[in-house]
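What follows is a short report on a single structure.
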Amino acid sequence: MLKGFKEFVMRGNVVDLAVAVVIGAAFTKIIGAVVDGFINPLIAAIFGKADISGVWNFHINGAIFSIGLILQAALNFLFVAAAVYFAIVMPLNKLAERRARGQEPEPDPLTADQELLTEIRDLLRARQP
């Protein structure tokens, strides 16, 4: 039972997931600082409020509808997605491209035995109907 648990925990995808959660938690603080230190003051300068969650509210029969709340959540998602893409995904893709370009091995020249075997193979293929 413990052996199976150890294999499960040591599987690459479980370890990768744990690392992703830890990095995500740390990255959340950076994104929060960008939103609180730059985006929200920019929104406050444009709309006169700290965020747009209070914009475009209306009441119908005592129910409060908030279009601004939906827009604020959508903007926060876009900010996080853009930050993850430009800070993590794009640089890692560029790094992977560079590694792939440098790791393409050139084929080794064939030895005399390999050339002879290749000729025999080609002759046998040509004789078969």
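Structure above, values below:
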read-out	value
14 Å beta-carbon shell around E115, net charge (K/R +1, D/E -1)	-3
Segment 2-127 - Rg and Dmax from Cα coordinates, angstrom	28.6, 90
Inter-site label distance for H59 and R98 at 7 Å from Cα along Cβ, in nm	5.9
Residues of type lysines that K29 reaches as a straight line, Cα spacing below 30 Å, ignoring anything fewer than 8 places off in the same chain	K49, K94
Modelled FRET efficiency - R0 35 Å, F79 with A18, Cβ distances, 0.05 increments	0.85
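Every number here is computed from the coordinates shown, using simple stated rules; none is lab data. Here the structure is a predicted model, which means the values were calculated and not measured. Glycine also receives a Cβ, built like all others from the backbone with ideal geometry; neighbour counts cover every protein chain displayed.
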